[in-house]
Each structure stands twice: as C-alpha cells, then as structure tokens.
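The structure under discussion appears below in the form of structure tokens.
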Amino acid sequence: MLSYLNYLNDTMPCLMAILRLIVCIVCILAFVGLNAAYLVWLERKLAGRIQRRIGPKEVGPFGLLQPLADGIKLMTKQLFLPDGIDRILYLLAPMLVMTTAFMCFVTIPFGEGLVARELDLGLLAIFAFASINVLGLLLGAWASRNKYSMISSARVVSQNVAYEIPMLLVVASLLMVTGTLNLHDIVAEQAGGFWNWNVLRLNASPLMPVAFLIFFVCTLAETNRTPFDLAEAESELVAGSFTEYGSMGFGLFFMGEYANMVVGSTLISILFLGGWNCPFGIFPGPHWLFLKLYALISTVMWIRWTFPRTTFYGLLNLSWKVLIPIALVNLLITGALVKVF
Amino acid sequence: MNAEYQLPEDECFVLNLGPQHPSTHGVARIKLTLDGEYICKAEPVLGYIHRMHEKMAENRTWPQFFPNTGRLDYLHALAYNQNYACLVERALAIEVPERAEYIRVITTELNRIASHMVWYGAFVLDLGGFTPLLYTFDDREQILDLLESVTGSRLTFSYFRFGGVPNDIDDDFIAGTKTFISRMRERIKMYHALITKNVILINRLKDIGFIPAEMCRKYGASGPVARGAGIDYDVRRNEPYSIYDRFEFEIPVYHEADSMARYMVRMDEILQSLRIIEQAIATLPAGPIMADKVPKLIRPPKGDYYHAVETARGRLGMRAVSDGSAIPWRLKLRTPCFSNMLIFGEACRGMLLADAVALFGSLDLVIPDVDK
Amino acid sequence: MTRAELVKNLQALPGAVVSDTDHKARGFDLDVKLSPENIAEAVQLMDEAGYFLDTMTGVDWLGEQEALRKEADKGKAAAPASESAAGEPPLPQAGIGEDEIEIVYDFNNFQEPYGVVLRVRTPRAKPEVPSIHHIYPIAHWHEREAHEFFGVVFTGHPYLVPLLLPEDADYHPLLKDFVA
Amino acid sequence: MAAYIKSILVGTWSLIAGLAITLRFVFKPVVTCQYPHAVPKIPDRYRGHIDFVYDPATCSHKCIVCGMCQKTCPSGCISLEGEKLEGAKKKTLSVYQLNFTTCSLCGLCVEACPTGALTFSKEYNLAGFDEKEYHFDLIKRLQERP
C-alpha cells in the first residue's frame, strides 16, 4: 500500500497533491464538525455536573446523540430573513465565521507531519485568519438590523482590538525565544519533558508562566467566552450578534465559536505546553496534544460556568491597565535576556 | 457615572428593553434612549401584567381576597398574606393566638429567605453567572419543601387566615427547619467565597447604581434599597407588628448606596432571618392556632385601616376602607416595587447598559408587584 | 421640624381638621382633613419635616351623600339614583350635597415612625386636585394611577396618561359606577 | 505600585477560589429529581384540585348541598345543584361541577365545608387538549375511584 502510494507520488505528483488536499479538507471538516457538536455536549454535561444535575441524558446513552438531534433540529428550521436586512452580508457572515475557523486548522500541526499545509509563517497565518472571524461577527450583527446586534457588534470589535495587542505582545516575546514562526519547529524545540515547555522556560524569561496566563485570558476574550462574552451577553443584549439568526445561520455561528475555542486551545498547547510532546519525554504523539487541548477547553468551560460576565470598561481596564503593561514588561525582560545570553 | 448626561435627541436611539427581555424577569418594559451604550433617558412602561387587584377586592368578600394577596409579589407571598390578615384583624380587633403568631413569623421568614434566594440567583444571572442560580434554587427548594408540607402550596401559599393559621406545624417541620438553618449558614459562606469576593462581581457592583438616602425618601423607597443607602428603617422594628419585637435581630445597614451595598444588605438579611427563625422555634409556645372569636361573616366596622409589613422588597402597606359590609369598599395596595421601579428610571441615567441591568437586578423588582 | 411643630403647622392651614388616631386600631397616628387648595402647602410641610410619601390613592364615595341624607330624614322617599352611563359622573342635584372623591395621602417617617394621613375631597363631577409631583417625584406615578383609576385631574401634572391601563384607556375602573 | 500588584493578586486569588468551589461541586452528588422517571413525595397537605371524601358509612360522599363551598369560592368555579328526592328530608346532591380552569387552589372551600366532604386531590400531572377536560364532575370522579 505504502509503496504503491510512493509509486503514485513519484509518477503523478499532481494527482497526489489533489488527493491529499481532498483528504485534508474532509478531515478538517469532520474534525471541526465533530468537535463543535461534541464540545456542546461536553459543555452541557460539565455545566450539569457543576450545577449538581446530570445534563443531557435522554437522547441516546448519556445523551450522546443529543448533538445529532440538535443539529437535525437546526438544519430543518426555516432560515428566516427579517425585513430590511442586508441580505448578502446577513447570509455571508455565518459562513465567514465558519470559513475562517476552518482556515486556521490548515496550518495547525497535530503531530509529526499531521498537518494539512505546513507554512513557515504558520503562526502569523493563524492570527490573520482568527482576526477575520471578528469581521464575520461584525457583519452579521450589522446586517441583521437589530439594535441589540448593533451594540454587540461595536462591543465585539473593540474587545478584539483591545485583546489582540497583549496577545501579540506575548507572542512577540515568545518568538524571541523560539526564533521561528513555524509551529512545527516551535513544538520540536520543546521536546524532552515538561521542563522544556515554553511555559516553564524561566531561563528565557522569568515571567513566562505569567505570559501563558495572559495568552490564555486573551484567548478567552478573542473567542468571546465568559467572562468576556460581551458580544452574546444574553442578559443584556438578548443574544447579541446572533439575535436575528435562526436555523443553520445560528448553527454556523455556534459551531464557529466552538471551532475557535479549539483553535485557541490548540495554539496554547503548541506555543506553551509542548504540543504533542509528552510531559515526561516518552511516547510523543498527537494523543498528548489532544489531551492538553481538551483539558484546556474543559478549563474554559469551567470558567464559563463559574464566573459572572465582566462589563465593557472592566474588560478594557483589564486589557490596558493589567495585561498590556505586564506583557510589555515581559517583552522587555525577554529581549534583555535574549540579548545577554 | 451618574452625572447628568445630555445629548441632542437626534443622535440617540431608542431601545425597548422588554417587555420580553431576559433581564427584566417578567414583563417590564423600559424605554431607553441610548447614546451608544450610555443611557440618556429611561422611562419604565408599566401595565403588562396589570390585573386590577384593587377592583377585584371590591367585588368579593374580605376572606375571598386572600388568594389574591399571594399573587402580587409571588416570591414573598406569605408577607402579603400576613399583611392582609393583620389589616383585617386590626379592623376587627382580633387577638391572634401566640402559637399562630410564631408560626406566621417562622413561615414568613422562611419565605423571605426563599425570596432572597430567587433574587440572588437571578441577580447573578443578570450579571452573566449562570451557576449560582442553580445553587440558590437548590436552597430555595429546601424551603419550599418545608413550606409545602405546612401550607400545601409551593408559591401562592394563601396560608394565613383572619385570627390565625389553618394548619399547625409539626415536629418534622421543626426538625427540617433546624437542619435547614445550619445548612443555610454554610451555604452563605460558600456564596460569599464564590460570588461576593469575586473580583469581576465587585468591579461590576462597587460604586455603581448610586441611590442616595434623600432620593429614597423622595421616591418612598424602602427595604434593602433604603437600607443600602444608610437609612436604618425596617418595618419589623420601627413599627413592630406581629411578635417581631420579641426577637433579637439586627437591621443590616450599609452606607455606600451602591449596588454592592444593596447586595450586602440582602445577604446579611438572610442571616438575620435565620436568627429570627431560630429564636422563634426555640420559644414556640403550645396552644391554639386560631382565635376563638372570629366572626363567621367578616364585616369590619366602618372606617379606614392601614397596616404595613416588611416584605423582602420593602414596606408593603395596605389601606382598607370598610363601609361595614361584607365586601371591602376600597383596598389600596402600596407595593414596595412601585417606588423602586421609578427610581430605576431615575438612577440609571448616564449609565452603561450593562450597569443598568446590574442596577435593575440589585433593586430586586417583581413586576406583578409593580403592576398590581 | 419636630413632630409637634409639624402638627401645629398643619393645624394652622385654613380649613384643616387635625385629629389624633390610635395607631393600634387604625394603623396611623394623625388624620388631617384639608381642602384641595392647601394640599400642596401641606405636602410641602411634610417634605420639610423629612417624611416620605408612603402612598396616595383615591376613594370613591358614591352614594355617601344619599346615605347621609337618608339618615337625616328617614321616612321620606329617597331620591332616585341618578347614575346611568358608566364613567359619566352624575350631575350634582340641587338640594343634596355632591358625592365626592377622596384623595388620601399617607406619609411616614424613616427615623421615628409616625403615620400621617392627609385627606382632601373633591367633587365627583369635576374632580381636581393640585399636583404634588414637584415635591415628591414618586407622586408622578401615584397621580397617574389615581387619574386612570378615578379620573381625578391633578392640575399641574405634566404627563397624565394612564400608567397601568392601556395608553388609550378612557375609562376609570375604580369608580363605583364603572361597568366593564 | 504595591497596591496595584496586590489588587491583581487578590483578584486572581478570588477567581481561583471561585473555581475551586465549583470544582468541588462537580464531585458532589446530583440533587435534581429525574422527574418523569422519579416522582417526588407529595406532602399530605398538598393542595390539588378538590375531590370528594369517600365516606365508608354511606359508600358515597358527605355533601349536604349547603352551598358553602360555592359561596366561599373567590373565583366562582364551583357549581352544585341538589334535588329533593321523594321521602327524603334533605336535599341530595345531583350535580357538582368544578371548573378547574378558573380555580386558584386556595382551599377556602375545603375549610368552609361543614361536613368535611371535600378534600384535596393529589393529582398534579394535569395536561389536556381541551378546556372541557377540566370541568370536573366530582360525583363521577368519586364513583370512578376504586
């Protein structure tokens, strides 16, 4: 089989590239779709346990078929177009959100060679795509001609602008240490054991664990999760950007949110927690990445079901008064240490 | 934040918060004039659940109005029952037996805690925290189970009668209440650790939603709103009714007048209610639960009567005018949320929408209570 | 202003009838009957004395005059009741006093509880009472409520539209001759 | 500066403490009742709609058609009729209708009944498609009861 594939690769490189592309797309689609569906299930189960109840349990064993039922329900609903909306943007926005979430996965490596397309500027590409996500929310909210959505759209944009800065400052200091934007190389550098992970590289910068926390908080804000879910603040803005959306339009936004969560958590695992490296330096492989990834996602959910929402100025205060100064200090220290050693 | 905030009309937009909005807990509608997210003007629009209880009172006999009283502020129904019972007992000069008074106090205070638990959960829900709602409802469920075993109902109790109470409490209820008291004290500690100390919550409540004492007086606000503004006023102590003068309890007063102060008042009030219940159970006398000389046909003598009690939301007053017949001539309900609702319209000016929602939650408005 | 001064000032108002009542039996301590012209002044006094407006409401005394007259000359045939259409106040008849609507203001004090009741009476045919919303803002709503329920016009009130009833409600349900 | 750092640390600590509390709850038993599968205990005094008390002495109800329940009911949802059977001194109940759609479950009728003929039913699972399903005929209900 393998030799046959090699033979094909040699004889028809063009066909193989297309084949590889198709396989990758299907895999990413399946991965994102399954994740979105079952993360909702996980979130509901986790929320249930935190709130001392069971969570979904009626559809299938342990409620495992619940996401399927939800999906069918969403797909069979009418896609309702309110009067007076900008139809093109209204319909485009959910797709934009979902597409950019997909695009982020293109360059994320899940293991040695398990990547759809390896890029030298992989990290940069992910940030670029992730920021288009905001555009999708903005367009959707703006196009749906609803006052709640409009307020939400303004919130989304300023929130994301505010949190890109500390996030990128942290990444910049990290890049000084790693010296590359290639995610594969970043993981390779952290091989060996958890003491080699970037989060514990105290010789590079003693503030590295703090940088990790900042990055984590910024990821929460970028993915609009509690306590920064101002865009969808259901007690203030009904459903924020998604107020007018129903059916699969809403479904795509919803899936996009979870897909972004996966992207964010994967990125944290790769940048700070050693990617697919084992904490003890044995049996590295994708399973470690998934373990870290889902642990992080569970933490995000745990946070959501514990804290109240912050306000807009609370969010900006946190960004400008706490995160950015600390990130800047971290940048300076890292730069100085890189220069010295 | 509370400074006068003026902007030309054409640069603002109007947002109807309600009548179906998640944070209004019912059918309140507030017409907000917003500049971006800042509120220029807020006008509460009432009447979406108006049922004209006052006219209903004029169409039925005195005892027949009992079920209505529990449907005004359905969260603290027993205080409304109590006020109505006390009002007519005042008019008829009926002396209520000791044991009945104790039962009234115990059940009303339990109901007060249940009411505060709903407020607490809903308030944190308004602030975006979902989980505490389930915890508080767990606690409330314990209370409702206790009350249901006595009254037979879980929400609109309609339990008191002129001259006493129809059902006696039993040992199971007392044992259950004792367990609940110790459980609740632990839970309050947990709530403080989980929510009160939370930095996000503190940032959202501290120095926001300022309602000073003078404003409380001008608007007739009472209860936790007034006590959060430094007014040491509680009908249970200032105008003692029933047997509240026999118990030792404190009136929690905070002087900050912000949302946090109102929050803390209610949290402390739960502990004080537990104290009252504890004392009442310890000194519960035996005896009849119904007065002997209650007439079969209730005909209060001609004249007007007033009675006020402290509900979970403030001072509830009822003014009855009797013409000596079996049907009330006029019954006026002075509900505490009425004042608080107008205060909200005044106090949220210049605030962010999110803070206004927090302020709304901190006022603990029950819309059927406003709309009557 | 102390309580004694307040009582003295209230007594000094023209036409005021001040009487102490038993709190235990009635639920308030001071009963003051006033004429509508003086109500704003009296409420101003209450405000200066630091009281809060507990509530205010109306009472429709339809049939009161008739009952009084019946009591006065028993044996004579009672005049037929003149109420016909709903909401339409009856014309005052010569010879007997007009039926009146009473507006009751309840005041109380946070510091030392002392229930003060101010009562004014206004003819049912043309109920008019000066507004006090400029003294107590909460009266803004109380007056709107009394207006929609009783049809009392509070002169000087800027926004007398129904509060709890629909905006276009032109009936006054708490009048005794109201028929749904 | 010290106050600034302290406020950050205190804030972070409060968040961690909150997370610890919710984590503890994850491992505590579930408190909810799985309603259709498990049914909570209905207390003895539960106020459902009214029903006749079965009187073993007469194998019937104890109603004497005094109409007190009807008079007491605030919502006017009880209507009863009695007829005078030949040879009997008192009236016998012929119709006892409860319009449950307007009943407010206050229980005043049960207290008003001089013979204790009324009691509360323990039924709470009431759902139907038609208003008429809730015009209960209490005599019929008594006969149908085992």
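Restricting attention to the range D:15-41, the residues being in contact with a Lys or Arg (Cβ under 9 Å, 6 or more places away or on another chain) and either surrounded by 13 or more Cβ atoms within 10 Å (Cβ to Cβ) or acidic (Asp, Glu) (or both) number 7. Against the numbered list (1) farther than 26 Å from A:VAL97 by Cα; (2) modelled with pLDDT under 85, A:VAL210 comes up short only at (2).
Would you confirm whether any residue within the range B:181-197 is of a type in the set (Phe, Trp, Tyr), within 14 Å of chain D (Cβ to nearest Cβ) and surrounded by 15 or more Cβ atoms within 10 Å (Cβ to Cβ)? Checked against the condition, which is being of a type in the set (Phe, Trp, Tyr), within 14 Å of chain D (Cβ to nearest Cβ) and surrounded by 15 or more Cβ atoms within 10 Å (Cβ to Cβ), the range B:181-197 yields at least one hit. Look at B:ALA280 and say whether it is under 30 Å from B:GLU89 (Cα atoms) and part of a helix (DSSP H, G or I). Yes. Scanning the range D:104-122 for residues that are within 12 Å of another protein chain (Cβ to nearest Cβ) and outside any loop (DSSP other than H, G, I, E, B) turns up D:LEU108, D:CYS109, D:VAL110, D:GLU111, D:ALA112, D:THR119, D:PHE120. Please report, ordered by residue number, the strands (runs of 3 or more DSSP E) entirely within the range C:99-146 with at least 1 residues that are within 12 Å of chain B (Cβ to nearest Cβ) and among the hydroxyl-bearing types (Ser, Thr, Tyr). Passing ranges, in order: C:100-108.
Considering only residues in the range B:269-315 that are under 15 Å from the mean Cα position of the chain (by Cα) and of a type in the set (Asp, Glu), the one that is surrounded by the most Cβ atoms within 10 Å (Cβ to Cβ) turns out to be B:GLU310. Listed by position, the helices (runs of 4 or more DSSP H) inside the range A:1-103 whose residues that are surrounded by 19 or more Cβ atoms within 10 Å (Cβ to Cβ) and outside the structural domain of A:SER144 (by TED's automatic domain parsing) number at least 2 are A:13-50, A:66-76.
Counting only residues that are under 19 Å from D:LEU108 (Cβ atoms) and in a strand (DSSP E or B), which one in the range D:45-69 is nearest to the other protein chains (Cβ to nearest Cβ)? Residue satisfying both the conditions and the ranking: D:ILE50. Selection of the range A:199-215 for residues being free of Cβ contacts under 8 Å to residues at least 60 places away in the same chain, among the hydrophobic types (A, V, I, L, M, F, W, C) and either assigned to a loop (DSSP other than H, G, I, E, B) or surrounded by fewer than 19 Cβ atoms within 10 Å (Cβ to Cβ) (or both) yields A:LEU200, A:LEU202, A:LEU213.
Please determine whether any residue of the range B:93-101 is crowded, with 23+ Cβ neighbours inside 10 Å, at the interface with another protein chain (Cβ under 10 Å from one of its Cβ atoms) and without any contact (Cβ under 8 Å) to a residue 60 or more places away in the chain. No, the range B:93-101 has no match at all.
Can you pull out the residues in the range A:106-138 that are crowded, with 23+ Cβ neighbours inside 10 Å and of a type in the set (Phe, Trp, Tyr)? None; the set is empty. Looking only at residues in the range B:346-364 that are part of a loop (DSSP other than H, G, I, E, B) and buried (at least 24 other Cβ atoms within 10 Å of the Cβ), the one that is nearest to the other protein chains (Cβ to nearest Cβ) is B:CYS348. Of the numbered criteria (1) within 14 Å of chain B (Cβ to nearest Cβ); (2) crowded, with 24+ Cβ neighbours inside 10 Å; (3) in contact with a Gly (Cβ under 8 Å, 6 or more places away or on another chain), the one A:SER241 fails is (1). Taking the criterion of being more than 7 Å from every other protein chain (Cβ to nearest Cβ), in contact (Cβ under 8 Å) with a residue 60 or more places away in the chain and among the hydrophobic types (A, V, I, L, M, F, W, C), the residues of the range C:24-48 that qualify are C:LEU30, C:VAL32, C:LEU34, C:ILE39, C:ALA40, C:ALA42, C:VAL43, C:MET46. Taking the criterion of being facing chain B (nearest Cβ under 9 Å) and not hydrophobic (A, V, I, L, M, F, W, C), the residues of the range D:1-23 that qualify are D:SER7, D:GLY11, D:THR12, D:SER14, D:GLY18, D:THR22. Can you confirm whether B:ALA122 is away from chain A (no Cβ under 14 Å), in a helix (DSSP H, G or I) and buried (at least 19 other Cβ atoms within 10 Å of the Cβ)? No: the conditions fail for B:ALA122. Being out of contact with any helix residue (DSSP H, G or I) (no Cβ under 6 Å at 6 or more places or on another chain), more than 26 Å from B:LEU155 (Cβ to Cβ) and part of a loop (DSSP other than H, G, I, E, B) is the requirement here; does D:ILE139 meet it? In short, no. Of all the listed residues (B:ILE49, B:ILE106, B:ILE30), the sole one being part of a strand (DSSP E or B), touching a residue at least 40 places away in the same chain (Cβ under 8 Å) and β-branched (Val, Ile, Thr) is B:ILE30.
Kindly indicate whether A:ASN196 is more than 23 Å from A:ASP70 (Cα to Cα), buried (at least 21 other Cβ atoms within 10 Å of the Cβ) and out of contact with any Phe, Trp or Tyr (no Cβ under 8 Å at 6 or more places or on another chain). Taking the combined requirement at face value, the residue does not satisfy it.
Taken over the range D:115-139, the criterion of being over 14 Å from D:HIS49 (Cβ atoms) and surrounded by 10 or more Cβ atoms within 10 Å (Cβ to Cβ) is satisfied by D:THR115, D:GLY116, D:ALA117, D:GLU131, D:ILE139.
For the range B:211-228, the count of residues that are in contact with a helix residue (DSSP H, G or I) (Cβ under 7 Å, 6 or more places away or on another chain), surrounded by 19 or more Cβ atoms within 10 Å (Cβ to Cβ), assigned to a loop (DSSP other than H, G, I, E, B) and within 14 Å of chain D (Cβ to nearest Cβ) is zero.
The residues in the range A:139-152 that are surrounded by 23 or more Cβ atoms within 10 Å (Cβ to Cβ) and either at positive phi or in a helix (DSSP H, G or I) (or both) can be counted, and the count is 6. For the range A:263-341, the helices (runs of 4 or more DSSP H) that sit wholly inside it and include 2 or more residues that are away from every other protein chain (no Cβ under 13 Å) are A:286-304, A:324-340. Of the residues making up the range D:88-111, those that are on the phi < 0 side of the Ramachandran plot, within 13 Å of the chain's Cα centre (by Cα) and among the small types (Gly, Ala, Ser) number 1.
With among the β-branched types (Val, Ile, Thr) and either in a loop (DSSP other than H, G, I, E, B) or facing another protein chain (nearest Cβ under 7 Å) (or both) as the only criterion, which of B:ILE343, B:ILE327 stands out?
Details: B:ILE343 fails: either in a loop (DSSP other than H, G, I, E, B) or facing another protein chain (nearest Cβ under 7 Å) (or both).
Residue meeting the stated conditions: B:ILE327.
The values are calculated or read from the model by the stated rules, or taken from the named source; none is laboratory data. Bear in mind that the values here come from a model prediction, so they are computed numbers and not experimental data. Note that we place each Cβ from the backbone using ideal geometry, even for glycine, and neighbour counts take in every protein chain shown.
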